[in-house]
Amino acid sequence: MEDTLYTVTEVGQILKIGKNRVYDLIHAGLLPALKLGGLKIRKSSLCEFEKNYEGYDLTDPFNPKPLIEKNEQKVSRVG
């Protein structure tokens, strides 16, 4: 099975964030990485990260929060 490896800088460019934020995501345990010289992230891991944390506020990667709390109800307007 072939899986592309990205550098931290490449992942930052893909996610449109700085590389320090990528390191934060790795150190928080949210984004798995391999140490091969420098840190590398599998494309499949990046896709899984995006899937798992869509709809989350990751401003503090050590404390991810859903953008909409589960107990909040959406109010729809009729009429």
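Among the residues of the range 1-49, the ones that are among the charged types (D, E, K, R), at pLDDT 95 or above and over 16 Å from residue 62 (Cα atoms) come to 8 in all. Scanning the range 1-44 for residues that are out of contact with any Leu (no Cβ under 7 Å at 6 or more places or on another chain) and of a type in the set (D, E, K, R) returns 2, 3, 10, 16, 19, 21, 24, 35, 43. If you take the residues in the range 61-70 that are among the charged types (D, E, K, R) and in a loop (DSSP other than H, G, I, E, B), which one is modelled with the lowest pLDDT? Result: 70. Residues in the range 14-60 that are part of a loop (DSSP other than H, G, I, E, B) and either open to solvent by 80 Å² or more (accessible area, probe 1.4 Å) or hydrophobic (A, V, I, L, M, F, W, C) (or both): 16, 17, 28, 30, 31, 33, 54, 58, 59.
The values are calculated or read from the model by the stated rules, or taken from the named source; none is laboratory data. Model, not experiment: these values are computed from the prediction. In this analysis, Cβ positions are derived from the backbone assuming ideal geometry, glycine residues included, and neighbour counts consider all displayed protein chains. Areas reflect the complete protein model, heavy atoms only, side chains present, ligands, DNA and RNA absent. Shrake-Rupley method; radii C 1.70, N 1.55, O 1.52, S 1.80 Å.
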